[in-house]
Each structure stands twice: as structure tokens, then as C-alpha cells.
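To keep things clear, I will list the structure first and then write my remarks on it.
The values are calculated or read from the model by the stated rules, or taken from the named source; none is laboratory data. Since the structure is predicted, the reported quantities are computational estimates derived from the model, not experimental observations. Note that we place each Cβ from the backbone using ideal geometry, even for glycine, and neighbour counts take in every protein chain shown. When the accessible area is computed, the model is the full protein with side chains, heavy atoms only, and any ligands, DNA or RNA have been set aside. Shrake-Rupley method; radii C 1.70, N 1.55, O 1.52, S 1.80 Å.
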Amino acid sequence: MSNFLFRRLVSAVLTILVVSALTFSLAFLSGDPAIAVAGKDSSAAEIARVREFYGFDRPVAEQYIDWLGKALRGDFGRSYHYQQSVHDMIAQRLPITLGLGAAALALALALALPLGILASLWQGSLIDRLMLAISVVGQAMPTFWLALLLIVLFGLNLRLLPISGNSSLAHFVMPTVVLAYFAMPALMRLTRAGMIDALQSDYIRTARSKGLSPSAVVLKHALRNVLIPIVSIAAVQLGALLGGSIVVEQIFALQGLGALSYDATLRSDLPVLQAITLLVAAFYVGLTLFADLLNAILDPRIREGW
């Protein structure tokens, strides 16, 4: 287990280093960062002063090492537009995005697992086709369109839920439903396919021959093996929800990382963009590492393969 853990940690660290280098390069991909900060209408003298003040005149490798060292300590500099600490700005917005992503994933799992199990138990039936239809619609429907439908129905017509802001839990109901429906199809299809394979395996026949109840066979024996790929997909889905909540946060006026990254993109606020990109990537890698370790605990064959 220790060898498996060491290999996965090394892989995660190397991935973060590569992502950090690509993230740092954002400042130079769009041209001279000094011009982006000073403004296109600034004089050559003003641009030169900005370049010297922010250290853009130093070698790129030196700038990267300095930026990475500060980033590891949580210091991402100051926002070019707001003139505030990027760390403080993210600290204010991060709980909103994390809470929204976690709630959406929890709702997606709460729906996908039982629906996938039902579809596998009645394979080929009307229930199975209905579950697949729900999955296909959820995968094909754009999140912004579903968000607008919910706003019109529950916000404007029925007036049951608030349509913008984040001052209460009620403000998060519709955004959570939208993101959950986005994550649910992959989880439900994976559950269905895994359960179908598991229920046809020899160890399930043995469990049934021992006289175990149908619920024990399904939940205790079959579902345990199906959970291994679901854990991996759930971790990936949570990372996707954290990184892909920009549209949903904009529609519902939630002041999370998605809205902050959108504003930073419009204003070419590079320190904010770099910090958010690196943070989301770190979450993504960390969640994948956690999923691999959890799968290794559930299935010893995984860690033996490393």
C-alpha cells in the first residue's frame, strides 16, 4: 500500500507542477502582460514602469519560480483590477462554489444510484427505457437552458424560489438541481452497466444459492463492486462541477469562483485567473488521488497492480 501511495503522490505532484507552468504562461500567451495591466492607450514610459514594478522585465524562469514559491504559501499577488489580495478574494468566493458543487454531486448520487439499480434489475423494461431517456435528456440538455426553465417555472410563475443571489439556502436549490442533472447521466449509466455485469457473475449466483435475500444480494454484494468505478467518476464529476459552474453562477448571480473567473477574464485580471486555474486543477488532482486511494482500499487488486 505504501508503494502505491508513493507512486500516486509523485504522479499528483508532477501533474500539479505541469499545470502550474501552464497556468503561469497565461500571463504571456495574450501578449505583453505589462500592456495588459497598463492599458493599450498607455505611453511607453508608463508601460515600462509597470513592467519594472511587477517584475515582468526579469527572466521568465525566475518569474515562474518566484510565483510558484509564493503560490505554495497561498500568496497569489494582488488583483490588477480590484487592487485586493487574490487570496482574500478567493477565500470569500470559494465556499460558495464548494458548497454548490458538493450539494450537486450529493443530489446526483442520491438519484443516479437507485435509478441505475432499478434500470439494471428491470433491464429492457419500460422502467429501464425511462431511466435511459432521463439520462440521454440530461446529457443533451444545456445547463443554461435548464436553468432558464427552472427560473421561469419556479421563480417567475410559481414564485416558490428566489432566482438570484446567495443570501439563503433557498437561493441554491435551483443551481444545485441544474448541476446535479448535468452530473447524473454518467453516474446512472455507469451504475446500470456495472450492476448488469455484476448480477450475471458467478459470485452473485453463489450468494443467491446460499438463500440470501434479494436486497442483500443487490446492495451488499453486487453494489460493492460497482462502487469502485463510481467513486472514480464521482471524483471527476466533482472536479468538473467546480470548474464548470461559471454559466450557472452567472445565471443565478451566485458570487462564487465561476463568477469571479468570468469577471477576471473580461478584465484580463491575470493574477486572479492564474490562482483560480491552479486551485481548480489542484482540487481536480486531489480528488482523483483520493478516489484512487479509496478504490485501492475497496479492491486490493488495484494497489497490487501498481
Those residues of region 1-15 which are modelled with pLDDT of 80 or more and surrounded by fewer than 16 Cβ atoms within 10 Å (Cβ to Cβ) amount to L9, V10, S11, V13, L14
Every listed condition ((1) in contact (Cβ under 8 Å) with a residue 24 or more places away in the chain; (2) open to solvent by less than 50 Å² (accessible area, probe 1.4 Å); (3) closer than 23 Å to G258 by Cβ; (4) more than 20 Å from the chain's Cα centre (by Cα)) holds for S164 save (2)
Reported set for region 74-100 where residues are open to solvent by 30 Å² or more (accessible area, probe 1.4 Å), part of a helix (DSSP H, G or I) and under 16 Å from V272 (Cα atoms) is H87, D88, A91, Q92, R93, L94
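Go through region 167-218 and give me each residue that's of a type in the set (S, T, Y) and farther than 30 Å from A259 by Cα. Quick ask: steps written out before the conclusion?
Just the residues of region 167-218 that are of a type in the set (S, T, Y), to begin with: 167-168, 176, 181, 191, 201, 203, 206, 209, 213, 215.
Passing the criteria: T191, S201, Y203, T206, S209, S213, S215.
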The helices (runs of 4 or more DSSP H) lying wholly within region 184-271 that contain at least 3 residues that are over 22 Å from the mean Cα position of the chain (by Cα) and surrounded by fewer than 17 Cβ atoms within 10 Å (Cβ to Cβ) are 202-209
Scanning region 79-91 residue by residue, those touching a residue at least 60 places away in the same chain (Cβ under 8 Å) and under 25 Å from the mean Cα position of the chain (by Cα) turn out to be S79, V86, H87, M89, I90
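Look at A61 and say whether it is under 27 Å from L241 (Cβ atoms), under 31 Å from the mean Cα position of the chain (by Cα) and assigned to a helix (DSSP H, G or I). Give the steps one after another, and end with the answer.
Values: under 27 Å from L241 (Cβ atoms): no; under 31 Å from the mean Cα position of the chain (by Cα): yes; assigned to a helix (DSSP H, G or I): yes.
No: the conditions fail for A61.
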Screening A119, A71, A180, A112 for residues that are touching a residue at least 60 places away in the same chain (Cβ under 8 Å), within 26 Å of A253 (Cβ to Cβ), of a type in the set (A, V, I, L, M) and buried (at least 21 other Cβ atoms within 10 Å of the Cβ) leaves only A180
Restricting region 202-219 to residues that are of a type outside the set (F, W, Y) and in contact (Cβ under 8 Å) with a residue 12 or more places away in the chain, the one farthest from L113 (Cα to Cα) turns out to be A207
Scanning region 133-161 for residues that are over 21 Å from V247 (Cβ atoms), in a helix (DSSP H, G or I) and free of Cβ contacts under 8 Å to residues at least 24 places away in the same chain, the one most open to solvent (accessible area, probe 1.4 Å) turns out to be N157
Taking region 37-54 and keeping residues within 19 Å of L26 (Cα to Cα) and assigned to a loop (DSSP other than H, G, I, E, B) leaves G39, K40, Y54
